[in-house]
Structure formats: C-alpha cells, structure tokens
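Undergrad: Before I ask anything, here is the structure I am working with.
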Amino acid sequence: MVSKAIYDISVIIPFKDKSKMTLTAVASLLQYGPSLKEIFLVSNNSSDIELQQIREGIKNYKNIQLLEYNRPFNYQKINNWAVQQTSGDYILFLNNDTELTKNSVGTIEHMYGLASKKDVGMVGCILLYGDGMTIQHAGVYLHPGSLGDHVYIGKPYKKALAAANSPTDDFPYPINEDRKLTAVTGAVQLVEKKKFDVVQGFDERFIIGGGDVDLCIRLNKAGYQTWIAHKGYIIHKESQSRSHKPIPYVDFYYSYLSYINGYDLKVGDPFVPKITKGMR
C-alpha cells in the first residue's frame, strides 16, 4: 500500500465545548482530506467534560494536539496565537462546524496548489449548508450598506453547476472555475504562513466578525491575491460553533474602514462587477 504524501499544512480548529461537532469535523478531515502535518484543536474556555471528550477522541493520533486559549473570546487573537504554535509552511483555518464529505476529496489539495503560487494569498472553497444542496459561500463580495455578502448564498448548487457553461442573471460567474476574489470566509481559509506574517496576521481590533475579510483585503493590497478554488465543496453548519451573540459595534466600524479599500464606487466589488454594479 502506497502512503499518501504529507502536505506541509498546519490546521487550526478553534472551539468552545461542542466536542461531538469538533470531533466530527476532525474525523471528516482525516477521512476525506489529505495527510496533514499537524492539527491543532484550540479550546476557548471549554468545560472540563467537553475537553475530556476531545482528549479521548484524539488520543490515538500523534499529529493532533489540544491547545487551550482560556481568555475572552476574540476570533482574531485565538488564531494569531495558534499560528505561533504551528510548524507547517501553510496554515488552514477551519471552523469546527465544517464537515468534509466524499465530494470534498481533492478540495484541500487543490486549494494548496493555488496557495503555493507566489502571487496568491488566501484561498477558500465552495461551502454548502448542512442540507448539502444549498450554497452558503462561493466567495465574498463587497457592497455599500451591508458591507459584504457571500456570492450565490442561498441558491441551489446544482443550478449553479448547470449554469456554469451558460451564465445567467442568477449565476453570472461560473462556479466550476477558480476565481480571483476580494475575500473568502474564515470558515475555511488556507494561506502560506510567510504571507500571513507579512501582513501581521489577523487584526485583533476585530472581535467576532470581519477580520477574515479584512485579512484577505490586506493580503490583496500586499500583492497576494485572494482566490476561491472550484474543486468540490465542504459542508458548513454556519455559526453552530458559538452562541448567537450580537456582532460588536467595533467589528462593523473596523469592517467599514477596511472594506472601503476594496470597493470601487463605479462597479462595486471589482472582482464580481456583474453582481455589484449599481448597488447602493
């Protein structure tokens, strides 16, 4: 039996409690993803019972470690701290409410191929809701008012595929092609560590939301373009990994300051003008 090549990727999966969901994410990654250098499960103030479940679930895996970051929740700080613990040349940020399936085989490998190019920064992928049929994310675009949104969110994945060779008003950009974008969501993000370091990682002024998009924008400005990989998809059970707390005002404020650097008033988001032109 030929063993799979080990990809020089360090995976960071933050979590608070939800041990069953977290272990499901890990198991799916091991089953349908490539062989990886290391996986860090980063607890943020989880209970002892949930932590014990995690320890029990990973005890037979030498390349999976449990880390604890027991400070007030800040997505950016958690991930920046975790990156400092890694040894891989590439970092995969992964939510614990994601799950790979047989349709995810090759997705991370394809993302890695893009991320390894010298002028590429952050790389994301297609995400579907838990029903496995509806698009949750096909990239992030910017527009006035709501600041940003997901490409094709809430639309049927099969219809997007059917329209790939003949664009429609609902699907003006083929979903089966790699594409440059302003940003991709933090639920699944892959980046070369040295490029992450060039822009000094996540901006820790953000608390919950917005820092993932801001990081992509800053990488773009530094000459490392954000891309979305078209191959396969990953399931994202959106926001099940934390309680539904309101987004802090500071996240909206710093998002606005960041996003105006990626928006063109004439065409909207410069990477998907057919979607955003004329939005106000």
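Readers should treat all values here as calculations from the given coordinates under stated rules, not as data from a laboratory. Since the structure is predicted, the reported quantities are computational estimates derived from the model, not experimental observations. We place every Cβ from the backbone using ideal geometry, glycine too, and count neighbours over all the protein chains shown.
Undergrad: Nothing charged except the Cβ atoms of Lys and Arg (+1) and of Asp and Glu (-1): what's the magnitude of the dipole of the stretch 6-276 about its Cα centre? Round to the nearest 20 debye.
TA: Computed charge dipole of the stretch 6-276: roughly 180 debye.
Undergrad: Follow-up. Taking amide H positions as placed in the peptide plane 1.01 Å from N, state which residues far from Y233 in sequence (5 or more) or on other chains have amide H under 5 Å from it.
TA: The list, which skips near neighbours in sequence, is S104.
Undergrad: Taking Cα atoms of the chain, Rg/Rh with Kirkwood Rh, to two decimals?
TA: Rounded to two decimals, Rg/Rh equals 0.95.
Undergrad: Moving on. Running a GNM on the chain with Cα contacts under 10 Å, which residue among Q52, Q85, Q189 ends up with the highest mean-square fluctuation?
TA: Fluctuation is largest for Q52.
Undergrad: Further, regarding this structure: Collect residues whose amide H, placed 1.01 Å from N in the peptide plane, falls under 5 Å from the amide H of F271; neighbours closer than 5 in sequence don't count.
TA: Residues meeting the amide H criterion: T182.
Undergrad: Now a separate question. Could you work out which residue, out of I217, I260, I126, moves most in a Gaussian network model of the chain, that is, has the largest mean-square fluctuation with Cα springs under 10 Å?
TA: For the chain, modelled as a Gaussian network with Cα springs under 10 Å, the answer is I260.
Undergrad: Quick one: which residues, 5 or more positions from Y7 or on another chain, have an amide H under 5 Å from its amide H? H modelled 1.01 Å from N in the peptide plane, none for Pro or chain starts.
TA: S35, L36, K37
Undergrad: Follow-up question, since we're still on this one. Compute the separation of the alpha-carbon centres of the stretch 256-280 and the stretch 9-53 and state it in Å as a whole number.
TA: Measuring centre to centre over Cα atoms gives 36 Å.
Undergrad: Taking 30 Å as the cut-off for C-alpha to C-alpha distance, list the pairs among K159/K237; K62/K155; K231/K277; K20/K180 that go past it.
TA: K62/K155; K20/K180
Undergrad: Looking at the chain, send over the antiparallel percent of its DSSP beta bridges, to the nearest 5.
TA: Beta bridges within the chain, antiparallel portion: roughly 45 percent.
Undergrad: Turning to a different aspect of this structure: Using the Karplus curve 6.51 cos²θ - 1.76 cosθ + 1.60 with θ = phi - 60°, what ³J(HN,Hα) values do you get for each residue of the stretch 105-121, in whole Hz, with x for Gly and Pro?
TA: My calculation for the stretch 105-121 gives 4, x, 5, 5, 4, 5, 4, 4, x, 6, 4, 7, 6, 5, 9, 9, x Hz in order.
Undergrad: In units of 2.2 N^0.38 Å, what is the alpha-carbon radius of gyration of the stretch 83-139?
TA: 1.26
Undergrad: While we're on this one: Roughly speaking, what is the centre-to-centre gap between the stretch 101-143 and the stretch 176-245 when only Cα atoms are used, to the nearest Å?
TA: For the stretch 101-143 versus the stretch 176-245, the Cα centre distance is 10 Å.
Undergrad: Placing +1 on the Cβ of each Lys and Arg and -1 on the Cβ of each Asp and Glu in the chain, which of T98, M111, I9 has its Cα farthest towards the positive end of the resulting dipole?
TA: Sorting the options by dipole projection puts first M111.
Undergrad: Let me ask something else. Once the piece of chain linking A27 and V198 is laid out straight, how much longer is it, given 0.36 nm per residue of separation minus the C-alpha distance between them?
TA: 58.3 nm
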